[in-house]
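**Student:** Pasting a structure here, questions to come.
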Amino acid sequence: AKAAEHGSHETPETGPIQLRHAPCLRRDIGRTLRGMSRDPRSDAVWEPHTTDRRATYRLAEALGRVCDGGEVLGLVGSLGMGKTCFVQGLAAGLGVPADAYVNSPTFALVNHHPGRVPLHHVDLYRLEDPDEAVFIGYEDLFDGSAVVAIEWFERFPELWPRASLRIDLAEGPLPADP
């Protein structure tokens, strides 16, 4: 009963995950996402700090639960920082079936996943030039019906949609206040 109340999702890497602190997170992220939807020219930066893969997954899963389509999430972080893990958690929160294999679209460039809210997962790592994005149907992904998660978002600022949430992934404790 407790898992159903807070939500859970099982993955081979993490086992069952229970979201005990999601309501507070949902409020904060929900406010950011609603603000973006009211002003189509706005963008925001979120810098979550997680201590491990499981925490990254859980955080993204909570985000996925408050998304309802049209959100564009730009993922920034060095190689191995957890961008794909973040998208796996996001997919769980969006209702992508647990048996769907959510992996980095490094060579495919775009993967599409059906769920409560569809997910378009983009990886810009292998693009040499922003003009190549036209060949993967990049602009068509932003029709408002799906959540679009873009790995290596920082590579081509000229491709950023007008409203997006840039997520700068960092590992470890929060930095000290100045």
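**Student:** Would you tally the residues in the stretch 80-97 being part of a loop (DSSP other than H, G, I, E, B) and modelled with pLDDT of 90 or more?
**Tutor:** Total meeting the criteria: 4.
**Student:** Go through the stretch 54-102 and report how many residues are surrounded by fewer than 24 Cβ atoms within 10 Å (Cβ to Cβ), in contact (Cβ under 8 Å) with a residue 60 or more places away in the chain and farther than 15 Å from Ile167 by Cα.
**Tutor:** 3
**Student:** Do we find a residue being surrounded by fewer than 18 Cβ atoms within 10 Å (Cβ to Cβ) and at pLDDT below 55 anywhere in the stretch 42-53?
**Tutor:** Yes - at least one qualifying residue is present in the stretch 42-53.
**Student:** Inspect all residues belonging to the stretch 160-167 and state whether any of them is in a loop (DSSP other than H, G, I, E, B) and in contact with a His (Cβ under 8 Å, 6 or more places away or on another chain).
**Tutor:** No, the conditions are met nowhere in the stretch 160-167.
**Student:** Condition (residue is open to solvent by 10 Å² or more (accessible area, probe 1.4 Å), farther than 18 Å from His49 by Cβ and not aromatic (Phe, Trp, Tyr)) applied to the stretch 164-178: is it met by at least one residue?
**Tutor:** Within the stretch 164-178, the first condition is being open to solvent by 10 Å² or more (accessible area, probe 1.4 Å), and the residues that meet it are 166, 168-178.
Those still in the list that are farther than 18 Å from His49 by Cβ too: none.
No, that holds for no residue.
**Student:** Taking the stretch 103-114 as the region of interest, how many residues are over 15 Å from Val147 (Cα atoms) and open to solvent by 60 Å² or more (accessible area, probe 1.4 Å)?
**Tutor:** The number of residues fulfilling the criteria is 2.
**Student:** From (1) part of a strand (DSSP E or B); (2) farther than 26 Å from Arg58 by Cβ; (3) of a type outside the set (Val, Ile, Thr), pick out the condition that doesn't hold for His121.
**Tutor:** (2) is the only condition that His121 fails.
**Student:** If you check Glu128, Glu132, Glu139, Glu154, which single one turns out to be assigned to a loop (DSSP other than H, G, I, E, B), surrounded by fewer than 19 Cβ atoms within 10 Å (Cβ to Cβ) and modelled with pLDDT of 85 or more?
**Tutor:** Answer to the selection: Glu128.
The values are calculated or read from the model by the stated rules, or taken from the named source; none is laboratory data. Note that the structure is a prediction, hence the values are computed from the model and not measured. Glycine gets a Cβ as well: all are built from the backbone with ideal geometry, and neighbour counts include every protein chain shown. Heavy atoms of the whole protein, side chains included, go into the accessibility calculation; ligands, DNA and RNA do not. Shrake-Rupley method; radii C 1.70, N 1.55, O 1.52, S 1.80 Å.
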